[in-house]
1. State in Å² the accessible area per residue of the chain; use a 1.4 Å probe, count heavy atoms of protein chains only, and round to the nearest integer.
2. Name the residue, out of Val78, Val50, Val92, whose mean-square fluctuation peaks in a Gaussian network model built on the chain with Cα pairs under 10 Å.
3. Sequence neighbours fewer than 8 away in the same chain don't count; with that in mind, list the lysines whose C-alpha is under 23 Å from Lys43.
4. Which log10 I(q)/I(0) values does segment 2-44 give at q = 0.17, 0.19 Å⁻¹ under the Debye formula, counting every alpha carbon as one identical point scatterer?
5. Could you tell me whether the chain comes out rounded, prolate or oblate from its Cα gyration tensor? Rule is a ≥ b ≥ c as square roots of the eigenvalues, rounded for a/c under 1.5, then prolate if a/b exceeds b/c, otherwise oblate.
6. In percent, how large is the relative contact order of the chain, given Cα pairs closer than 8 Å and 6 or more residues apart?
Amino acid sequence: QVQLVESGGGLVQPGGSLRLSCVASGRNFSDSNMGWYRQEPGKQREVVAVIFSSGITVVSNIVKGRFTISRDTAKNTVYLLSNSLKPEDTAVYSCYVFSGGRTYWGQGTQVTVSS
């Protein structure tokens, strides 16, 4: 059974940093694409960053220059390093993996940026 578990969210002041982690289990995902979405209350979910099985990364223009996505294939883990956080980055951040024609999602972790 595939399971994704995020961690690292929390309350941070504007300008602060957080590193989110997502551990996938159930199979090896080294040949799969992984990424992060976020969703604010009352708004549609939006893509934050993607890392392909090749290692190529794509980051949304909204967070480009502030967020970095990376992965450790040996640990089946994807990370999102978030710097220079702004109040508008407040959202639930969820990781996903696209494998075998299916998308698997984690439960999400809350990130709140506030003074």
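1. It amounts to 54 Å² per residue over the chain.
2. Val92
3. Answer for Lys43, where 23 Å is the Cα cut-off: Lys64, Lys86, listed by chain and number.
4. -0.68, -0.80
5. prolate
6. Relative contact order for the chain comes out at 37 percent.
The values are calculated or read from the model by the stated rules, or taken from the named source; none is laboratory data. This is a predicted model, so every value here is computed, not measured. Note: accessible area is taken over every heavy atom of the protein model, side chains too, but ligands, DNA and RNA are not part of it. Shrake-Rupley method; radii C 1.70, N 1.55, O 1.52, S 1.80 Å.
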